[in-house]
1. Need one number: nm distance between label points at GLN110 and LYS86, each 7 Å from Cα along Cα→Cβ, rounded to one decimal.
2. Report the relative contact order of the chain, percent, no decimals, based on alpha-carbon pairs under 8 angstrom and at least 6 residues apart.
3. Only counting other Cβ atoms within 10 Å, I'd like MET72, MET111 sorted with the fewest neighbours first.
4. To the nearest 500 deg cm²/dmol, what mean residue ellipticity at 222 nm is calculated for the chain from DSSP H runs of n ≥ 4 alone, each contributing -39,500 (n - 2.57), summed and divided by the residues?
5. When the label point is put 7 Å from the Cα of GLU34 along its Cα-to-beta-carbon vector, which residues of the range 80-118 have a backbone N closer than 17 Å?
6. Going by how many other beta carbons lie within 10 Å of each one, how would you line up LYS12, LYS117, LYS105, fewest first?
7. For the chain, rounded, prolate or oblate, judged on the Cα gyration tensor with a ≥ b ≥ c (square roots of eigenvalues), a/c < 1.5 rounded, else prolate if a/b > b/c?
8. Any chance you could count the Lys pairs in the chain whose alpha carbons are under 21 Å apart, treating pairs 8 or more apart or on different chains as valid?
Amino acid sequence: MKIDRKLNLVCKVDTEALGEVHVHSTPIGRIVYEEFYRVIGRALNQIGKDDMLLTGGSSYAYLTLKDVATQMGIWEVEGNAAKSVKVGLLEEIVRLTTVIYLDNKQGWQQMPLATAKARKLLTEEDVAQVEGQLVFFTLVVSVMPRNLALMTLTAATGFWGSQLTASSATEWQSSLTTSTAAGSTGETPITASEQRLPM
């Protein structure tokens, strides 16, 4: 995959309510990054200092972000929720995330992650797993240079059993429909050997 193409994250989760689902997420936009760049940078730096960048990143990232934001006094901002990390950043990450699930009658379908959470279709453990990966993905993609972000996420997703893709949620869903019919497992994941790094 060329590093100038958009990186999205897809993680698989075995849920009690929906079976195996594919959770697809796109990076936050520039405006949100500029609002929260300091806490994003500090949280990623702390994960690196704790030597948890790869092996423990996904389970560690959410709590590290919360700790750093709390220390900075912006985890929750009284009277201005949009400036708080809990609302302004995390809710945006959730908004950019889609759950793709298999309906026995209608085939592969989509719903927003927020809807799946509100309907309690994901357990607390499922949500923690997903949000940890989403936060780590957000920190890395937002701060690191593209080639380094790709290398870091390729290594990290290997531990998680997740994938990077340039496909949108709808494109990913279409690939699942095709691969299910063909008896495959879906899109080929991006690997470190596919990077186009500067010489």
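Laboratory data are not the source of any read-out in this text; all were calculated from the coordinates shown. Computed from a predicted model, the values in this text were never measured in an experiment. Counting neighbours? That spans all protein chains shown, and the Cβs are built from the backbone with ideal geometry, glycine included.
1. Result for the modelled spin labels: 3.0 nm.
2. RCO, the chain: 32 percent.
3. Final ranking by Cβ density, sparse to dense: MET72, MET111.
4. For the chain, the value works out to -15500 deg cm²/dmol.
5. Backbone N within reach: 83, 89.
6. By the 10 Å Cβ count, ascending, the order reads LYS105, LYS12, LYS117.
7. Oblate, since a/c reaches 1.5 and b/c is not below a/b.
8. 8
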